[in-house]
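The values are calculated or read from the model by the stated rules, or taken from the named source; none is laboratory data. Note that the coordinates shown come from a computational prediction; the quantities given were computed from them, not determined experimentally. Glycine gets a Cβ as well: all are built from the backbone with ideal geometry, and neighbour counts include every protein chain shown.
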Amino acid sequence: MQDLPLELLRTFVATVETGSMAAAARVVARTPSAVSLQMSKLGELVGHPLFRRDGRTQALTRAGELLVPHAREILNASERAIAALADERLEGPVRLGTVQDLADCFRGGRATRVIRREPMVWLGHRELASLDPLPLAVLDPPCGYIEAAQAALKRAGRRSNVVLRTPSLLGLRAALEAGLAVGCRTALMRSGSIEILGEAEKLPALPEMPFALYVPRPMSPAARRLATLVRGVVQGAAPAPAAVLARAS
């Protein structure tokens, strides 16, 4: 039985998450031709082509779709093993940056790996959803959430008006809880009197929001350990946040 080299699996996952071999080449620090050769080699090892051309992007074949979860599992297991068996003392400074949605409750440059996807939802008081135009509270731009929300409203023929802008997620939550406007984030933000709104309120469906982890290379043992723990927490497979922070310090 053939083994699946980690290097090939890492490039495979990068290609899946970036949508093209050219973009994956920048992530794995190789040339596009080298990435193409790697994917051909991996296809030979599994006995099936993994990608097919779909315009300018690389679409997965059925075999590629089946390989994705296994590839991610193997890569995650490898990183956990390295962290668990490391003999080096975990010391020195480690910097961690995160978007406000995850920093607010800790459930969860260039991104190298999408580690979680959350469906976007409408949030606020139910009675506001019937107003025309729909009052919106948003974070200061640029904000992918409000851009997606306004595009969805436009397709649905719903008028909207931004009535409040704030630089912080706490300010946005306060506005929604006070019933000043409707917002659009993920269900991670639901709290207090904030309700999840949707089809019943004649609000259009929204896309998923990907959360990606960018891990610079090379990394110190402490940074590598923290990256593994954060990935596990966001994916729902690691200890509680307090335990994570204690073990990483």
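How many of the residues making up the stretch 175-191 are within 22 Å of the chain's Cα centre (by Cα) and surrounded by 14 or more Cβ atoms within 10 Å (Cβ to Cβ)? Reasoning before the result, please.
From the stretch 175-191, those within 22 Å of the chain's Cα centre (by Cα) are 183-191; that's our starting set.
Pick out the ones that are also surrounded by 14 or more Cβ atoms within 10 Å (Cβ to Cβ) and you get 183-186, 188-190.
The qualifying residues number 7.
Name the residue that is surrounded by the fewest Cβ atoms within 10 Å (Cβ to Cβ), counting only residues in the stretch 69-108 that are modelled with pLDDT under 70 and of a type in the set (D, E, K, R).
In this case the residue turns out to be D87.
So, in the stretch 192-209, exactly how many residues are out of contact with any helix residue (DSSP H, G or I) (no Cβ under 8 Å at 6 or more places or on another chain), surrounded by 14 or more Cβ atoms within 10 Å (Cβ to Cβ) and not in a loop (DSSP other than H, G, I, E, B)?
0
The conditions are (1) surrounded by fewer than 19 Cβ atoms within 10 Å (Cβ to Cβ); (2) not in a helix (DSSP H, G or I), and Q58 fails exactly one of them. Which is it?
Q58 satisfies every listed condition except (1).
For the stretch 114-134, name all the residues that are in contact with a helix residue (DSSP H, G or I) (Cβ under 6 Å, 6 or more places away or on another chain) and part of a strand (DSSP E or B). First the steps, then the outcome.
The initial filter retains those residues of the stretch 114-134 that are in contact with a helix residue (DSSP H, G or I) (Cβ under 6 Å, 6 or more places away or on another chain), namely 114-116, 121, 123-124, 129.
Selection gives V114, I115, R116, V121, L123, G124.
Of the residues G183, G171, only one is touching a Leu at 6+ places or on another chain (Cβ under 9 Å) and either part of a strand (DSSP E or B) or of a type in the set (K, R) (or both); which?
Working: G171 fails: either part of a strand (DSSP E or B) or of a type in the set (K, R) (or both).
Within the list G183, G171, the selection yields G183.
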